[in-house]
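Rule-based calculations on the coordinates, nothing more; no lab input. Keep in mind that this is a model prediction, so the values were computed, not measured. Here the Cβ positions follow ideal geometry from the backbone for every residue, glycine too, while neighbour counts run over all protein chains shown.
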């Protein structure tokens, strides 16, 4: 299990570092016509990014 | 025989042993209480505000335990108590690692995540001897030799001279 955790953390870390810093805001609700879907959104990446940003802003 | 040097092989469970117990007897065989990553994060994050838990975590980090290993232990505990499934445990682990980094940074403690590339070589006999010399510690082997010298030799039992006893050559 530890091996999987290490792999996942490395993957998330590289994904966050390679991603553009400012994500364009979505308009409208999910499911509406023309609105952005939640496909590809990973809550783990959101949590890690949030914690990292709040740590760096201290 | 090299196979006997590994006691784990002999202590391993018999194939199918897990199926002999009553189903649902253990907490991890019950439906998990927290089914999503969000719920698991909500459960684990407040732990880092408790002084007792935080001091324990920080002392382990200071001792050189990798953060990935710590996250593994914490999530495995959650699985064992039936809080969440293994999948949710793995998914929540990076969040725990990130929280531990924040805590270690705030406390000014150096840490290793566990994803760093391993150094080639590792500890050799020479490096161990050098470390012992630096710490002014005597190697344990010397003490053992002294103990062996102090121990009295066991007296040899005289062979029984019964009719069925084997003759010594």
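Evaluate E = 1/(1 + (r/R0)^6) for residue A:54 and residue B:119, where r is the Cβ-Cβ distance and R0 equals 25 Å; express this FRET efficiency to the nearest 0.05. Before the final figure, lay out each step's value.
Values: r = 32 Å, r/R0 = 1.30.
E(calc), rounded to 0.05, equals 0.15.
Using a Förster distance of 45 Å, how high is the FRET efficiency between residue B:28 and residue B:105, based on the Cβ-Cβ distance and rounded to 0.05?
Working: r = 33 Å, r/R0 = 0.74.
For residue B:28 and residue B:105, the calculated efficiency is 0.85.
So what's the stretch B:26-107 giving for Rg/Rh, alpha carbon basis, Kirkwood Rh from the mean inverse pair distance?
Working: Rg = 12.6 Å, Rh = 12.9 Å.
Result for the stretch B:26-107 is an Rg/Rh of 0.98.
Would you please give the FRET efficiency between residue B:8 and residue B:49, computed as 1/(1 + (r/R0)^6) with r the Cβ-Cβ distance and R0 = 35 Å, to the nearest 0.05? List each step's numbers first, then the result.
Values: r = 39 Å, r/R0 = 1.12.
After rounding, the FRET efficiency stands at 0.35.
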